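Notes follow once the structure below has been shown.
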Amino acid sequence: MPLGAARLNTLAKSQAVAAEPDTLDAVSMPSDANYSNTSVSFGGSGSNLTMSFWFKGDTDPGQYYRFISVRESSLNTWFTVFRHQSNSNIGFSTFNRLRSPNARWGFNASAPSNIWDGNWHHILVVTDTTSTSNTKLYFDGSSRTVTHEYTNSASAVNWGSYNNIGIGGRADGTIRVPGDYAQVFIDDIYENDITKFYDTTNDKAIDLGTDGTGTGLDQPRIYHRGNTSTFTTNNGTDSYTLSTVGTGTISDATGPETS
């Protein structure tokens, strides 16, 4: 090879730009808006529940709040992923005032200190309300030690009673968690294999596809994905769309890196 050609080839290699990593699409919730639907007809049954989602936030709201909430419009029954009102723990709870005594199932785990560092983090909650030993809560692929606060229910996931959902806050637009959200997966199953939702080898996201079956599981009841043009449509088996509640504007965001 002529010397000039060799130099040009070396220069071209040195100037080569590494390919951009593949990322998921996401939505960004401001402090004054979130997604909601208050007239859903949810299917599902039984005591099992699996919830997986990605979240990125840079400011701790510093109060009791709810990342995701599915509930009855009368506010008598719900399940939710929340920030504990007395400490920084992240937890899951169900509640049903219609039962006697009140049916409750709630647990929490200490949140990693870096959850508000402006980076993407993955949360997986898995529960079977017939046994506390079946409760699992994962942050970024690692299992956390769970503490049960109340357990007086054998059937706390009352799908037939639920008719509204809020992502980024409650369906009524209160107790919000501003930040970015990606791949919200909720189903009436018990699936504690973290590798179906999170690439533990590379600490990256798994693209669950357009209908959530990228897990290798059946299509879930609830699955919201993509940017603002697609996130509002439930790509799970229940049919509904989300609307914005609040005065702010929900925008597109770049989601977590995929493997």
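The values are calculated or read from the model by the stated rules, or taken from the named source; none is laboratory data. None of these values were measured; they are calculated from a predicted model. Every residue, glycine among them, receives a Cβ derived from its backbone with ideal geometry; neighbour counts consider all protein chains shown.
May I ask you to list pairs of residues, at least six apart or on different chains, whose Cβ atoms are under 7 Å apart, with the first in region 193-220 being farther than 22 Å from residue 238 by Cβ and the second being among the charged types (D, E, K, R)?
As it stands, the answer is 203/140; 204/257; 205/199; 205/257; 206/199, since those pairs meet every condition given.
Does residue 209 count as on the phi > 0 side of the Ramachandran plot, buried (at least 16 other Cβ atoms within 10 Å of the Cβ), assigned to a loop (DSSP other than H, G, I, E, B) and at pLDDT 95 or above?
no
Would you be able to say whether some residue in region 119-126 is of a type outside the set (Val, Ile, Thr), in contact (Cβ under 8 Å) with a residue 60 or more places away in the chain, under 25 Å from residue 38 (Cβ atoms) and surrounded by 23 or more Cβ atoms within 10 Å (Cβ to Cβ)?
There is no residue in region 119-126 that is of a type outside the set (Val, Ile, Thr), in contact (Cβ under 8 Å) with a residue 60 or more places away in the chain, under 25 Å from residue 38 (Cβ atoms) and surrounded by 23 or more Cβ atoms within 10 Å (Cβ to Cβ).
Is there a residue in region 156-171 that is surrounded by fewer than 17 Cβ atoms within 10 Å (Cβ to Cβ) and either without any contact (Cβ under 8 Å) to a residue 12 or more places away in the chain or not small (Gly, Ala, Ser) (or both)?
No, that holds for no residue.
One line per residue, one yes/no per condition, for (1) in a loop (DSSP other than H, G, I, E, B); (2) acidic (Asp, Glu); (3) over 16 Å from the mean Cα position of the chain (by Cα); (4) buried (at least 17 other Cβ atoms within 10 Å of the Cβ):
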position	(1), (2), (3), (4)
177	yes, no, no, yes
183	no, no, no, yes
191	yes, yes, no, yes
201	yes, no, yes, no
227	yes, no, no, yes
231	yes, no, no, yes
238	yes, yes, yes, yes
244	no, no, yes, yes
253	no, no, no, yes
